[in-house]
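Asker: One structure follows; several queries about it will come next.
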Amino acid sequence: QVQVVESGGGLVQAGGALRLSCAASGRTFINNNMGWFRQALGKEREFVAGINWSGGSTPYADSVKGRFTISRGSAKNTVYLQMNSLKREDTAVYYCAMGNYGPVSITTNGYTYWGQGTQVTVSS
């Protein structure tokens, strides 16, 4: 059984930074893509960033390009999201997800295992 666990959320002032972490466990991971999504209150879940196994493909949502950076740990079952220059509109529950191999998906359909989410709140 695969488990995905996020950590690192919290309250931060606008312009500040946070680093989210995600760890997957429960099986051997080979070539799995990983992704971050977020869901603000009353809105649909949206893609934030994704990364393939090697780290060579890292698509981002336009709204976070230049501010957020996704990376993968050396153990490959961990992924990070460095969030800089945070804005109030970044406030949401952030979810980590694990997908299959191949092109990195930017939709929820491309991911099989999901974490419970971690709240990120950006205050003005």
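The values are calculated or read from the model by the stated rules, or taken from the named source; none is laboratory data. Note that the coordinates shown come from a computational prediction; the quantities given were computed from them, not determined experimentally. For neighbour counting, all protein chains shown are included, and Cβ atoms are generated from backbone atoms with ideal geometry for every residue, glycine included. Note: areas computed on protein heavy atoms with side chains; ligands, DNA, RNA excluded. Shrake-Rupley method; radii C 1.70, N 1.55, O 1.52, S 1.80 Å.
Asker: Among Gly16, Phe47, Thr112, whose Cα projects farthest towards the positive end of the dipole of the chain, with charges put on the beta-carbon of Lys, Arg (+1) and Asp, Glu (-1)?
Answerer: With unit charges placed on the Cβ atoms, the residue in question is Gly16.
Asker: Students often forget the sequence filter, so: which aspartates and glutamates lie under 18 Å Cα-Cα from Lys65 once same-chain residues fewer than 8 apart are removed?
Answerer: Glu46, Glu89, Asp90
Asker: On the protein heavy atoms, probe 1.4 angstrom, tell me the percent of accessible surface of the chain carried by carbon and sulfur.
Answerer: Taking all protein chains in place, the chain shows 47 percent carbon and sulfur surface.
Asker: Moving to a separate point now. Multiply the residue gap between Glu44 and Asn100 by 0.36 nm, knock off their C-alpha separation, and tell me the result in nm, one decimal place. It would help to have the intermediate numbers written out before the result.
Answerer: On the way: separation 56, 0.36 × 56 = 20.16 nm, distance 2.25 nm.
Result: 17.9 nm gained on full extension.
Asker: Averaged per residue, what accessible area in Å² does the chain show with a 1.4 Å probe, protein chains only?
Answerer: 52 Å²
Asker: Another question, if that's okay. With charges only on Cβ, +1 for K and R and -1 for D and E, what is the dipole size of the chain about its Cα centre, in debye, rounded to 20?
Answerer: Rounded to the nearest 20 debye, it is 160 debye.
Asker: Filter the GluC sites (Glu not before Pro) in the range 1-110 down to the DSSP loop ones having no more than 15 other Cβ atoms within 10 Å, then list what survives.
Answerer: Glu44
Asker: What stretch of the chain, leaving out the sites themselves, is the longest with no trypsin sites (Lys or Arg not before Pro) in a DSSP loop having at most 15 other Cβ atoms within 10 Å?
Answerer: Values: sites that count: Arg27, Lys43, Lys65, Arg67, Lys87.
With trypsin sites (Lys or Arg not before Pro) excluded where exposed in loops, the chain gives 88-124 as its longest stretch.
Asker: Measuring from a point 7 Å past the Cα of Gln3 along Cα-to-C-beta, which residues in the range 88-124 have an amide N at less than 12 Å?
Answerer: 116
Asker: Kindly list the residues of the range 1-40 that lie in the label zone of Ser123, defined by a backbone N under 15 Å from the point 7 Å along the Cα-to-C-beta vector.
Answerer: Of the residues in the range 1-40, 10-17 have backbone N under 15 Å from the label point off Ser123.
Asker: In Å and whole numbers, how far do the C-alpha atoms of the chain stretch along each principal axis, longest first?
Answerer: Its Cα atoms span 42, 27, 26 Å along the three principal axes.
Asker: What FRET efficiency would be calculated for the residue pair Ala17, Thr108, taking the C-beta separation as r and a Förster radius of 30 Å, to the nearest 0.05?
Answerer: Values: r = 26 Å, r/R0 = 0.87.
According to the calculation, E is roughly 0.70.
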